[in-house]
1. Can you give me the number of residues within the range 72-108 that are under 13 Å from the mean Cα position of the chain (by Cα) and in a strand (DSSP E or B)?
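The values are calculated or read from the model by the stated rules, or taken from the named source; none is laboratory data. Keep in mind the model is a prediction, meaning the values are calculated, not measured. Glycine also receives a Cβ, built like all others from the backbone with ideal geometry; neighbour counts cover every protein chain displayed.
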């Protein structure tokens, strides 16, 4: 097999990190919004925001040792506007699971060190 060097990678086909919504999502700061979206564009932008900014944690859920991802932060807020189009905001809010996890860590720290939270 021959390895070729310095061949540029072509742009993506609309999915993944090089999709058409990814650049918009990466340029958005917390509090920024995009309006006038139809349902397809709304879902594309939401998925790009999740891909770029959402944090997940792999946890054991129950006694059967079943594991799953738990979302640690919500990264978008979406509303329908009066004209029937959608507006999507970039936000960064912890989920209830994240708040619970932080409280667990603080309690553990307090038990081990005797310091306040």
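1. Adding up the residues that qualify gives 11.
Listed here are the residues, each with its yes/no results for (1) modelled with pLDDT under 75; (2) loosely packed, with under 15 Cβ neighbours inside 10 Å; (3) assigned to a loop (DSSP other than H, G, I, E, B); (4) in contact with a strand residue (DSSP E or B) (Cβ under 7 Å, 6 or more places away or on another chain).
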position: 14; (1), (2), (3), (4): yes, yes, yes, no
position: 24; (1), (2), (3), (4): no, no, no, yes
position: 34; (1), (2), (3), (4): no, no, no, yes
position: 40; (1), (2), (3), (4): no, yes, no, no
position: 47; (1), (2), (3), (4): no, no, no, no
position: 51; (1), (2), (3), (4): no, no, no, no
position: 59; (1), (2), (3), (4): yes, yes, no, yes
position: 62; (1), (2), (3), (4): yes, yes, yes, no
position: 70; (1), (2), (3), (4): no, no, no, yes
